[in-house]
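**Q** Sharing a structure, written as structure tokens. Questions coming.
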């Protein structure tokens, strides 16, 4: 049976566009069918906006890529109708161990969270992640939603005009042209869209090489994250072992920058390293080995007129912290509702500039965290190494040193403090739900709060009076009225009320808080809706 | 107002100084460096307060001329 990444899931088919006498015009063209492009496309289709996805391949990506998907990513995909299948297939993990030299210095437990629907993280091969999203694309298409995934379609030309983009696409049947009102570039670090526009990244903060091996072994290693600093089998560098579904284990061995990449990739060099790490008598098969180079960098701006960049096409980080694919999926979540309002004329064009502001903020946050992790994992000076080793030594005996150990700060969604879309705040409500924050989940009756939120502007009222529906400058906002009593666990009250007795929140379609009060005020609410939709 | 206490605060200064030096007796440079680094981290955690730590870092670097 062919494996999932060997199966053409969206084979090339000739499109009527290729026989059109003049280039067909589409509302939205997504370039790239990776995790980010697929999320953008699903979100557009869920909003009823026609979308064409162009991808040069016809199958999901093989090999060592993203494996660790965060709660926020799962919540976004819940909204798009495919979170459950990711969680069902994924591996949940709570425990991590940190090793230094030849010994374990400590372990940690993320502790299973029962008052949010989704776990902090699941591990899942990127090819499964993409497959489930492709399945969802096909489901929506079968339901008649205007979503089309064109495999074997490689972008080769892009010309920008004030009111549209002209694209040239290469196919097995030769090239054709099409036009788009908007192009969303999700075509990865080597983005063709970016180079066609003559754009590049700003800054190169860090460079390193990693040997990444996915090995299949039927060993009873526990489902835990193991991280080594300076282990005997990889002196002066780091190592990571992480479980994926189907008895596949991810091994990251840091190699440093100044190495012979071709030589390090040879099996006679790889296998002894892995045996030294796993134990001489452990049997394993290599599913994939690659040497991965990364850089921390981003584009200066993620929006260039009618072309919008998302995911690795716009920004890149080190693999530590699971901040690559997760941040790209959040880019999609942030972008699509804004694009919809602008396309429909319900919001001014500059609403899209807030995508740039908010996601540049998130990218900078990711790059900062990634750079700090890198400094700890690979100290740049003797003194830096002295303190790093002192922290690790102390962490064995003293709890205070453990928060200083930095083997990658795992992805948490950015809180968009200072966003131009944020409205009034009140200090009477908890900091975690301040304007700019993603809505934290909580139990609600027999379900979950987040199941009731997203896809449109909403007021969430908790033990507060508010109208069932208001309209402000053409934006309809419906109320979701709940009570702290709907959640006996108390999590809803703790996260959304704190010490206050009531709360009213304006939530954006991407489930982020836009403004909040302890009671509803019609004039203030209307002003906040205008602001959150860029109409101020 | 300064957050860092730069007034004398150690009851028996000579005794403290003697044990600090004794700690390093007979150790290699590498061992002493490691001890010092651990000591700095232990003391920093004891202080905790961000403003005090910032002033202490600046004072150690010689950029703070605190009376």
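Only the coordinates and a few stated rules stand behind these numbers; no lab work does. No experiment lies behind these values; they were computed from the predicted model shown. Here the Cβ positions follow ideal geometry from the backbone for every residue, glycine too, while neighbour counts run over all protein chains shown.
**Q** Among A:35-43, A:208-216, what's the highest-first ranking by average C-beta atoms within 10 angstrom per residue?
**A** On the way: A:35-43: 29.3, A:208-216: 21.1.
Order by mean packing, descending: A:35-43, A:208-216.
**Q** May I ask for the percentage of alpha-carbon pairs in segment A:431-532 that lie more than 23 Å from each other? Mind showing how you got there, number by number?
**A** Details: 823 of 5151 pairs.
Summing the P(r) of segment A:431-532 above 23 Å gives 16 percent of all pairs.
**Q** Take the alpha carbon gyration tensor of chain B, find the square roots of its eigenvalues, order them as a ≥ b ≥ c, and report rounded if a/c is under 1.5; if not, report prolate when a/b exceeds b/c, else oblate. Display every interim value, and only then the final one.
**A** Details: a/c = 2.13, a/b = 1.56, b/c = 1.37.
Cα axes put chain B in the prolate bin.
**Q** In addition: Inside 10 Å of the C-beta atoms of A:380-389, what's the mean count of C-beta atoms belonging to other chains?
**A** Shielding by partners across A:380-389 averages 2.
**Q** A further question follows. Going by average Cβ density within 10 Å per residue, which order do the peptides A:513-519, A:91-97, A:191-197 take, highest to lowest? Could you put the intermediate results ahead of the total?
**A** Numbers: A:513-519: 22.6, A:91-97: 16.4, A:191-197: 20.0.
Those peptides, ordered most packed to least, come out A:513-519, A:191-197, A:91-97.
**Q** Sticking with this structure for a sec: Please compute the Kirkwood hydrodynamic radius over segment A:75-178, one decimal place, Å, based on all pairs of different Cα atoms.
**A** Numbers: mean 1/r = 0.0552 Å⁻¹.
Across segment A:75-178, the inverse of the average 1/r is 18.1 Å.
**Q** Compute the Kirkwood hydrodynamic radius of segment A:210-276, taking the inverse of the mean of 1/r over all pairs of distinct Cα atoms, and give it in Å to one decimal. Please list the in-between numbers first.
**A** Working: mean 1/r = 0.0794 Å⁻¹.
It works out to 12.6 Å.
**Q** Another question about this same structure. Tell me whether segment A:430-484 comes out rounded, prolate or oblate; compute the Cα gyration tensor, take square roots of the eigenvalues as a ≥ b ≥ c, and use a/c under 1.5 as the rounded threshold. Write down the numbers at each step before the final one.
**A** Values: a/c = 1.66, a/b = 1.37, b/c = 1.21.
It is prolate, given that a/c is not under 1.5 and a/b is the larger ratio.
**Q** How many angstrom lie between the Cα centre of segment A:487-536 and the Cα centre of segment A:101-141?
**A** Cα centres, segment A:487-536 to segment A:101-141: 29 Å.
**Q** Counting only other chains, what is the mean number of Cβ atoms within 10 angstrom of the Cβ of each residue in peptide B:39-52?
**A** Values: counts 1, 3, 9, 5, 0, 2, 7, 1, 0, 1, 0, 0, 0, 0.
Per-residue shielding by partner chains comes out at 2.
**Q** Next question, about the same structure. For n ≥ 4 DSSP H runs only, could you compute -39500 (n - 2.57) per run for chain A, divide by its residues and tell me the 222 nm figure to the nearest 500? Display every interim value, and only then the final one.
**A** Working: 12 runs with 146 residues, N = 536.
Computed mean residue ellipticity for chain A: -8500 deg cm²/dmol.
**Q** Shape verdict for segment A:1-96, please, from the Cα gyration tensor: rounded (a/c under 1.5), prolate (a/b greater than b/c) or oblate. Walk me through the numbers on the way to the answer.
**A** Working: a/c = 2.92, a/b = 1.63, b/c = 1.79.
Note, shape of segment A:1-96 comes out oblate.
**Q** Provide the convex hull volume over Cα atoms per residue for segment A:311-403, in Å³. Walk me through the intermediate numbers first.
**A** Details: hull volume 10.6 nm³, N = 93.
It is 114 Å³ per residue.
**Q** Let me know the mean shielding of B:25-34 by other chains, meaning the per-residue number of their Cβ atoms within 10 Å of its Cβ.
**A** Details: counts 0, 0, 0, 0, 0, 1, 0, 0, 6, 5.
Taking all residues of B:25-34 together, the mean is 1.
**Q** Oh, and also: Could you sort A:24-30, A:253-259, B:49-55, A:289-295 so that the peptide with the highest average Cβ count within 10 Å comes first and the rest follow in order? It would help to have the intermediate numbers written out before the result.
**A** On the way: A:24-30: 21.0, A:253-259: 15.1, B:49-55: 13.3, A:289-295: 16.9.
With the highest mean Cβ count within 10 Å placed first, the list reads A:24-30, A:289-295, A:253-259, B:49-55.
**Q** Return the whole-Å distance between the Cα centroid of segment A:264-300 and the Cα centroid of segment A:45-89.
**A** Value for the Cα centre distance between the two parts: 26 Å.
**Q** If R0 is 22 Å, what FRET efficiency do you get for residue B:2 and residue B:45 from their C-beta distance, rounded to 0.05? Let's see the in-between values first.
**A** Details: r = 21 Å, r/R0 = 0.96.
The computed FRET efficiency comes out at 0.55.
**Q** What number in nm² do you get for chain A if you take the convex hull of its Cα atoms and divide its surface by four? It would help to have the intermediate numbers written out before the result.
**A** Working: hull surface 105.3 nm².
Its Cα hull, projected and averaged over all orientations, spans 26.3 nm².
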